[in-house]
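Working notes, structure below.
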Amino acid sequence: MALDFRRIDIDALDPENNIEPEYLIPPSIANLPPLSVPEIQSIGQSIRGSLSRGDHFGALEAALDQPPYTSSEEIKKIHLATVLELLSTIKSSDMSRVVEKLSSEQRDTLIKYLYKGMSVPETHGISGVLLAWFEKVTEIAGLGAIVRYLSDRRTV
């Protein structure tokens, strides 16, 4: 009748509503628990261990496989610093080879870290490195990675 429109949940249609519909969350991260500071520090230590062994791809893969989407801003900053340190240690001649080995989801996560790194004022010293990575990722993954970054509400 005339009152049927009142049954529509308009809050679910509000773009400012931060509730992510279940069908938009990839199954691989749907039930990720928030990471604690000791957990994120141990991930950082394992990444640095991989770097010291010369396994750049393994280190980057470990960093991108467990993004702290559901964690606090402090934990996100710690992991961002680790990822930026990792990106700055990989040679520019190895970037293409490393990006080609990454999965599509890992490339999308890398784009998130590149945008986040460029938005943080403390990283002005490595902005050239971040732009080089951005160029390589968009060259290999295409513009779809940027569109997915812009449409995804999960932040790193």
Problem set entry | Residue list for the stretch 99-118, filter: touching an Asp or Glu at 6+ places or on another chain (Cβ under 9 Å), surrounded by 17 or more Cβ atoms within 10 Å (Cβ to Cβ) and in a helix (DSSP H, G or I) | Val99, Gln106, Asp108, Thr109, Lys112
For this session: Please name all residue pairs, on different chains or six or more residues apart, with Cβ atoms under 6 Å, provided the first residue is in the stretch 101-119 and is free of Cβ contacts under 8 Å to residues at least 40 places away in the same chain and the second residue is open to solvent by 50 Å² or more (accessible area, probe 1.4 Å) and aromatic (Phe, Trp, Tyr).
Result: Ile111/Tyr149
For this session: Please determine, by comparing only the residues of the stretch 62-77 that are charged (D, E, K, R) and surrounded by fewer than 18 Cβ atoms within 10 Å (Cβ to Cβ), which one is nearest to Val99 (Cα to Cα).
Result: Asp65
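Every residue, every condition in (1) modelled with pLDDT of 90 or more; (2) over 27 Å from Ile126 (Cβ atoms), yes or no:
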site: Asp14; (1), (2): no, yes
site: Asn17; (1), (2): no, yes
site: Glu22; (1), (2): no, yes
site: Ser36; (1), (2): no, yes
site: Ile47; (1), (2): yes, no
site: Glu61; (1), (2): yes, no
site: Gln66; (1), (2): no, no
site: Ile75; (1), (2): yes, no
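The values are calculated or read from the model by the stated rules, or taken from the named source; none is laboratory data. Please read these numbers as outputs of a predicted model, since none were measured by experiment. With ideal geometry, Cβ positions are generated from the backbone for all residues, glycine too; neighbour counts draw on all protein chains shown. The area values use the complete protein model at the heavy-atom level, side chains included, leaving out ligands, DNA and RNA. Shrake-Rupley method; radii C 1.70, N 1.55, O 1.52, S 1.80 Å.
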